[in-house]
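The values are calculated or read from the model by the stated rules, or taken from the named source; none is laboratory data. Here the structure is a predicted model, which is why all the values come from computation and not from measurement. Heads up, the Cβs are rebuilt from the backbone with ideal geometry, glycines too, and the neighbour counts pull from every protein chain shown. Heads up: the accessible areas ignore ligands, DNA and RNA and are worked out on the full protein's heavy atoms, side chains in. Shrake-Rupley method; radii C 1.70, N 1.55, O 1.52, S 1.80 Å.
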Amino acid sequence: MNDGGVLYELDLASGRVQWNEQLYKTYGYDKSEPVNSMEWWADHIHPDDAMLLNQTMDKLMDPSVTEWAVEYRMQKGDKTYVLVRDNATVLRDEDGRAVRLTGSLTPVVTPA
């Protein structure tokens, strides 16, 4: 059951991303927005967080890594940013290479 988080599936070979409907509801994107590529996703990560995300993605090279988690700022449809927690399961091929991530983006609520 989805508690309002955005679910996704990322094919690492093709760079294709599939999102559930919550992406539009939670982050205010128009359904005409071309959201189904890794490039689109990367373009909507705060520039100051891009290096951190690249570093954590590098950990996917380790065949023992089965879970992936990182927090970063993601741009919403209104061009503001929200801190999200990205949790994913790493799916690997028979040679241990990461081929797919299935995960969720959940806004991080900070105390007032």
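What to note about this one:
- 14 Å beta-carbon shell around residue 47, net charge (K/R +1, D/E -1): -1
- Among (1) 13, 37, 30, 15, 5, 1; (2) 14, 48, 31, 7, 0; (3) 18, 46, 30, 6, 0, the entry that matches P(r) over Cα pairs in 10 Å bins from 0, in percent as calculated here: (2)
- A simple count of charges around residue 16, restricted to other residues whose Cβ falls under 12 Å of its Cβ and scoring Lys, Arg +1 and Asp, Glu -1, yields -2.
- Ordering 22, 96, 60 by the projection of their Cα atoms onto the charge dipole of the chain, which places +1 on the Cβ of Lys and Arg and -1 on the Cβ of Asp and Glu, puts 22 at the extreme positive end.
- The chain - percent of accessible surface contributed by carbon and sulfur, probe 1.4 Å: 52
- Counting only residues at least eight positions apart within a chain, or on another chain, the lysines with an alpha carbon under 19 Å from that of residue 79 are 25, 31.
- By definition, a body whose alpha carbon gyration tensor gives a ≥ b ≥ c is prolate when a/c is 1.5 or more and a/b is larger than b/c, and segment 59-112 fits this prolate description.
- Local net charge near residue 90, Cβ-Cβ under 13 Å (Lys/Arg +1, Asp/Glu -1): -3
- Protection proxy ranking of 75-83, 38-46, 98-106 - average other beta-carbon atoms within 10 Å, highest first: 98-106, 38-46, 75-83
- Counting only Cβ charges, +1 for Lys and Arg and -1 for Asp and Glu, the dipole size of the chain around its Cα centre is about 240 debye.
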